[in-house]
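Read the structure below first, then the notes.
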Amino acid sequence: MFARLDRVIDEAVSAGRIVGVVYLVARDGEIVFAAERGFADREDGRPVRRDTLFRLASVTKPFVAAAALAMMDRGLIGLDDPVSRYLPYFTPELADGSAPRITLRHLLTHTAGLSYDYGAEPDFSDGLSDTDFDFEENFTRLARRKLKFAPGSGWEYSVAIDVLGAVLARVEGTTLDEVVKRHVTAPLGISDTSFHVADRARLATAYADAAPVAGRMPDRLVLGSDEMGYFNFAPGRAFNPKAFQSGGAGMIGTADGVLRLLETLRTDGAPILRPETRHAAISNQVGTLDRGAGSDGQRFGFVSAIIDDPKLASTPQSPGTLLWGGVYGNDWFVDIERGLSVVSMSNTALEGCNGQFTRDTRDALYADLAGA
């Protein structure tokens, strides 16, 4: 039934464009395709397994967003609460020197005026780079940077969910790891998906795009450009207990753990979210704000991008499909109309996140389904 998808995955791994990957497809709640291909560590000959742990990067964001929404359902925080109520040190200014009101809604929707585009070596961590800063030190440094626009007036993908994570930890008086466990992973029965490496022997080694095949990622690697922004990779951050727990990029987990959360978003949100909260999470929350290059036919909700116009987005996915990825090599989407939840967890940046592999596997899957 999934011959095309199977072939595309095999070809990418055989060519060395993807070193290792776990690819899961669930339809109406049942896993109908599962592939574990390639190596968790190529040089050691360690194969990828179903329970291989991956650096989630931005796949962390829907876990933290879901925790925030769950806390809102319980009256612990409010969507339009000012961030400064919880983080008095976080009052970044606009270019004119004024300090506008930033709310939790702005953080969830990436409309706060924050960014990821702070140059190749900023003096704070974007959640990928490795430092010993705690939340307050890191975001005090971030707050010295000028906002890109007035909150609510624009959209830019950003470190906003990192700031949100600091808010959640402050409100609950504990670590962000414990917050996510309390409100998301424990209620959903998700294990081995947290801000800690549950088992180092199961963690996939990170690789980066190179010719002719992807290469092992060094301790520090900057990828990007002034046009697309910079990614400050530091795979060793996963082992640094002093690094703040990044709500935007810091979790470690399995494909099955991610799939469990996606299935919760696909259905009614239980047991972590009220149905109306889940509905808001998967609905357009940014109106017609321009999201920039590469986002044609998409809007944005509280947890991810949303396909608004499949033709404009050049995708076979249905209107209302949720989608996002993680820069270490991860990709996911939920086609609610077709009952599909799809997770691709690889250890290869950037190919496994937004390279040809993601488009080829998506198109092969839909071609297989059309021929079924």
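None of the figures in this text is laboratory data; all of them are computed from the coordinates on show. On a predicted model such as this, the values are computed, not experimentally measured, just so you know. Glycine also receives a Cβ, built like all others from the backbone with ideal geometry; neighbour counts cover every protein chain displayed.
Share of Cα-Cα pairs in the chain beyond 36 Å, in percent? In whole percent, the share of Cα-Cα pairs in the chain beyond 36 Å is 15.
For the pair A95 and R274, the difference between a 0.36 nm per residue extended length and the Cα-Cα distance amounts to 60.5 nm. Remark on the stretch 1-119: hydrodynamic radius 18.5 angstrom, per the Kirkwood mean of 1/r across alpha carbon pairs.
Hey, what number do you get for the chain at 222 nm if only DSSP H runs of n ≥ 4 count, each worth -39500 (n - 2.57), divided across all residues, to the nearest 500? Provide the component values of the computation, followed by the final result.
Numbers: 11 runs with 101 residues, N = 372.
It lands at -7500 deg cm²/dmol.
Under a 5 Å amide H cut-off, with hydrogens placed 1.01 Å from N, G329 pairs with C353 among residues at least 5 apart or on other chains.
At a 10 Å Cβ-Cβ cut-off, how would you order F54, F124, fewest neighbours first? Don't skip to the answer; put the middle values down first.
Values: F54 31, F124 20.
Ranking F54, F124 by Cβ neighbours within 10 Å, fewest first, gives F124, F54.
Our estimate of slack between A198 and E43, defined as 0.36 nm per intervening residue step minus the Cα-Cα distance, is 53.6 nm. Shape verdict for the stretch 216-341, please, from the Cα gyration tensor: rounded (a/c under 1.5), prolate (a/b greater than b/c) or oblate. Oblate shape, in that a/c is at least 1.5 and b/c is the bigger or equal ratio.
Computed over the Cα atoms, what is the radius of gyration of the stretch 289-372 divided by 2.2 N^0.38 Å, N being its residue count? Before the final figure, lay out each step's value.
Numbers: Rg = 12.5 Å, N = 84, 2.2 N^0.38 = 11.8 Å.
The value comes to 1.05.
Exposed loop sites were defined as GluC sites (Glu not before Pro) in DSSP loop states (anything but H, G, I, E or B) carrying at most 14 other C-beta atoms within 10 Å; in the chain the longest segment without such a site runs 44-226. With the cut-off at 1.5 for a/c, could you classify the stretch 121-173 from its C-alpha gyration tensor as rounded, prolate or oblate? Oblate is the answer for the stretch 121-173, as a/c is 1.5 or above yet b/c matches or exceeds a/b.
3J(HN,Hα) along the stretch 182-198, derived from phi through the Karplus expression 6.51 cos²θ - 1.76 cosθ + 1.60 where θ = phi - 60°, amounts to 5, 9, 10, 5, 5, x, 8, x, 8, 10, 6, 10, 7, 8, 10, 7, 5 Hz, with x in place of Gly and Pro.
Each 5 Å bin, from zero up to the one with the longest distance, holds this percent of the alpha carbon pairs of the stretch 256-329: 3, 15, 23, 24, 19, 12, 3, 0.
Using a cut-off of 26 Å between Cα atoms, the listed pairs K61/K242; K181/K242; K146/K311 include K146/K311 as exceeding that distance.
Short version: what are the Cα gyration tensor semi-axes of the stretch 202-265, square root of 5 times each eigenvalue, largest first, in whole Å? If you can, show how the numbers build up before the last one.
Numbers: eigenvalues 111, 54, 45 Å².
For the stretch 202-265, the semi-axes come out at 24, 16, 15 Å.
Going by the alpha-carbon gyration tensor, a ≥ b ≥ c the square roots of its eigenvalues, is the stretch 4-57 rounded (a/c under 1.5) or, if a/c is not under 1.5, prolate (a/b greater than b/c) versus oblate? Each step should come with its number before you reach the end.
Values: a/c = 2.34, a/b = 1.40, b/c = 1.67.
Because a/c hits 1.5 or more and a/b fails to exceed b/c, the stretch 4-57 counts as oblate.
Sequentially through the stretch 272-284, phi angles give Karplus couplings (6.51, -1.76, 1.60; θ = phi - 60°) of 9, 10, 5, x, 5, 6, 4, 4, 5, 4, 9, 10, 4 Hz, Gly and Pro residues having no value and appearing as x. Once the Cα atoms are used to define both axes, helix 356-371 deviates from the longest principal axis of the chain by about 60 degrees. Among P100, L53, L265, which residue has its Cα furthest toward the positive end of the charge dipole of the chain, with +1 on Lys/Arg Cβ and -1 on Asp/Glu Cβ? Farthest along the dipole direction, towards plus: L265.
For F300, the residues 5 or more places off, or on other chains, whose built amide H falls under 5 Å of its own are Q285, V286, I306. Roughly what angle does helix 255-266 make with the longest principal axis of the chain, taking Cα atoms, 0 to 90 degrees, to the nearest 10? With both axes taken from Cα atoms, the answer is about 70 degrees. With only the Cα atoms considered, the stretch 23-92 has a convex hull volume of 174 Å³ per residue. For Y116, the residues 5 or more places off, or on other chains, whose built amide H falls under 5 Å of its own are V159. Among T174, T321, the order by Cβ neighbours within 10 angstrom, fewest to most, reads T174, T321.
Treating the Cα atoms of the stretch 134-258 as identical point scatterers in vacuum, please give the log10 of the normalised Debye intensity I(q)/I(0) at q = 0.11, 0.14, 0.20 Å⁻¹, two decimals. Each listed q corresponds, in turn, to -0.49, -0.79, -1.34.
When S125, S98, S58 are arranged by Cβ crowding within 10 Å, least crowded first, meaning fewest neighbours, the order is S98, S58, S125.
Along the stretch 122-137 the Karplus relation, 6.51 cos²θ - 1.76 cosθ + 1.60 evaluated at θ = phi - 60°, assigns HN-Hα couplings of x, 8, 9, 9, 8, x, 9, 6, 9, 9, 9, 5, 8, 3, 5, 5 Hz to successive residues, with x for each Gly and Pro.
The relative contact order of the chain, computed from alpha carbon pairs under 8 Å that lie at least 6 residues apart in sequence, is 25 percent.
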